[in-house]
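A quick write-up on the structure given underneath.
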Amino acid sequence: MRGTMRTEIVNWDPARGYREEDLNRAAGILRSGGLVAFPTETVYGLGGDGLRPEASRKIYAAKGRPSDNPLILHISERRELDALVAGVPDAAEKLMEAFWPGPMTLIFDKAPVVPYETTGGLDTVAVRMPSHEGARELIHRAGVPVAAPSANTSGRPSPTCAEHVREDLAGKIDMIIDGGSVGIGLESTIIDMTEEVPVILRPGHITEAMIREVISEVRMDPGLAASHPKAPGMKYRHYAPRGTMTVYEGPIERVIARINELAAGLPVDKVGILATDETRDKYPRGQVVSVGSREKRTIEQGLFGALRRFDELGVEFIFSESFFGEDRGEAIMNRLLKAAGQRVEHLPS
Ligand code: TXA
Ligand code: MG
């Protein structure tokens, strides 16, 4: 469904510096309760004033997101954190020192100033300081913590370029800042710091091993494996292309053979295959989309764009290779298996 609002689109070319007038106009929109989509290093965010209940309500409406799914507050400097939270544990201090600004979100007990509309009714709040310079400059000028979920329609893959945002939100928000393709391509790692031992609620570019080097104790949310994770948003159908997707796991030659066998019995235009630069030529039949290169480690960056591509192609069945064991494999497989509704076929070696 298209909205009726005029959505201004602004171009950011970091090579030439961010234009003062654009930054100030975008910051003004945020300050006055409006919505601006902007690039971060992970994915594009849909920003609004995180301390204003009505701005949060607008975010939920524009995304079509259930209002019990909390938003992340984005800040531009460490000292902005203190007003938003009830306290900062030592372990959090160490993690921020190591990974902020960057693709890591921490959960704290919230301060009263943070409205329940932003936290989805929870007494905790998620906070992140992005490393994207333009994003931080925008937040700084807005002068408020910026609530920003990924800038996609609820249920669709997160946006990794401004065109994805336009597809989902044009006509529904005040401004889209086009800063080109994002650097990372998957959403931030989320760590719950309110537990005795910190818990990774969403795997991301900052891996468990990286976290363990800074704080010796951390654990994965057991619900991630059981598919009933603790982060409220992780339980919703997510990232899903419109076609029915299945992931094939096992030795790559077996995976290719199995996918080709299945594709052989189906109409060629209805079959989507999620392959890599290294394997794309091995599938004679179907709409083959390369997610990136295993060798060059670009799968993380290409995943969400590839999932959206299947919707454009209008395929009904999607057969996907698997990426366990690759660089950032945990984060990649978390998104891929969600997109596939956890449908995975294990092929013996
Ligand atoms: O990289 C990112 O984190 C991007 C960019 C824009 O910063 N943002 C993002 O936001 O991915 P969103 O809203 O799409 O995902 C936030 C996730 C949801 O699964 C939500 O349930 C969880 O964070 N979350 C937020 N606040 C929480 C809280 N207080 N306790 C547990 N989970 C929380
Ligand atoms: Mg999201």
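Other residues with beta-carbon under 13 Å from the beta-carbon of Gly292 carry, at +1 per Lys or Arg and -1 per Asp or Glu, a net charge of -1. Taking only the alpha carbons of the stretch 264-322, we obtain Rg and Dmax values of 11.0, 33 Å in that order.
Listing Glu261, Glu137 from fewest to most neighbouring C-beta atoms within 10 Å gives Glu261, Glu137. Cβ crowding within 10 Å ranks Tyr18, Tyr239, Tyr116 as Tyr116, Tyr18, Tyr239, fewest other Cβ atoms first. Shape summary of the stretch 1-138, radius of gyration then Dmax from alpha carbon positions: 15.4, 48 Å.
Can you classify the stretch 116-184 as rounded, prolate or oblate using the Cα gyration tensor, where a ≥ b ≥ c are the square roots of its eigenvalues, rounded means a/c under 1.5, and otherwise it's prolate if a/b beats b/c and oblate if not? Oblate shape, in that a/c is at least 1.5 and b/c is the bigger or equal ratio. All Cα-Cα separations within the stretch 225-319 were binned at 5 Å from zero, giving a P(r) of 2, 13, 21, 23, 19, 12, 7, 2, 0, each value a whole percent of the pairs. Give me the log10 of I(q) over I(0) for the stretch 57-109 at q = 0.18, 0.19 Å⁻¹, as the Debye formula computes it from C-alpha points; what are the numbers? Debye output, listed in q order: -0.70, -0.76.
Rounded to the nearest 10 degrees, the angle from helix 90-99 to the longest Cα principal axis of the chain is 70 degrees. For Thr279, the shell of other residues with beta-carbons less than 12 Å away shows a net charge of -3, using +1 for Lys and Arg and -1 for Asp and Glu. Distance distribution note for the stretch 97-213: the fraction of Cα pairs above 20 angstrom is 50%. Ranked by how many other Cβ atoms sit within 10 Å of their own Cβ, fewest first, the residues Lys110, Lys58, Lys296, Lys282 fall in the order Lys296, Lys282, Lys58, Lys110.
Rounded to the nearest 10 degrees, the angle from helix 299-313 to the longest Cα principal axis of the chain is 70 degrees. Across the chain, Cα-Cα distances exceeding 34 Å account for 25% of all pairs.
Just so you know, all these numbers are worked out from the coordinates, no wet-lab data involved. The model shown is predicted, which means the values in this text are computed figures rather than measured ones. No Cβ is skipped: glycine too gets one built from the backbone with ideal geometry, and neighbour counts run over all protein chains shown.
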